[in-house]
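Remarks on the structure that follows.
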Amino acid sequence: METKHLVLKTELHPREFNGIRLLLMNCPNLETLTIDLLPPSPIAMASSYAGIDPQTYWMQNISYECQRETLKAVIMKNFIGGAKELHIVKFFIRSGCERLERVELYMPFDLDDGRKVFAHAKSEMLQRSANHLQVVVHNS
């Protein structure tokens, strides 16, 4: 695909992880990835994730052509500093080589003050682990 900007609307549920990887694999020219986090589905999910461990899935030492060659920005909307969000952002920071320039995190406008402080603390932790790129937090 010739896609340069992909907007991915996702719950970041483990059942979506392989699809996200498939998109990365098939978008070698991707420059900007926007992850628009959706609220969790109200429908009860199975406790099994078909062998996918959500705590370790994004820790695998895999990178894709777009990460090595073209990806400059990862944008996450509705960031609250949760584990699923942190795992995938760390994946992009770790495997983004020197091409990735920035990670932008947009918090929801209705986030309470305590959650904002928590999200800011998590974003600062991401910044410390990302020497070569800028992590920016926006209050929506």
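Since every read-out is calculated from the coordinates, none of them should be taken as a lab result. These figures come from a predicted structure and were not determined experimentally. Methodologically, a virtual Cβ is constructed for each residue, glycine included, from the backbone with ideal geometry; neighbour enumeration extends over all protein chains shown.
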Sequence gap at least 6, Cα distance under 8 Å: using those rules, report the relative contact order of the chain to the nearest whole percent. 22 percent
Can you give the net charge of the other residues whose Cβ lies under 14 Å from the Cβ of VAL137, counting K and R as +1 and D and E as -1? +3
Violating pairs (Cα-Cα greater than 18 angstrom) within the set LYS4/LYS84; LYS77/LYS116; LYS72/LYS116; LYS9/LYS77; LYS9/LYS84; LYS4/LYS72: LYS4/LYS84; LYS72/LYS116
I'm spelling it out carefully: the read-out is percent of Cα pairs over 24 Å apart, the candidates are [x] 28; [y] 23; [z] 44, and one was derived from this structure. Which label? [x]
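Count neighbours as other Cβ atoms within 10 Å of each site's Cβ, and list the GluC sites (Glu not before Pro) in region 83-140 that are DSSP loop with at most 16 such neighbours.
Filter output for region 83-140: GLU98, GLU101.
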Given R₀ = 30 Å, FRET efficiency for MET125-ASN29 by Cβ-Cβ distance, to 0.05? 0.45
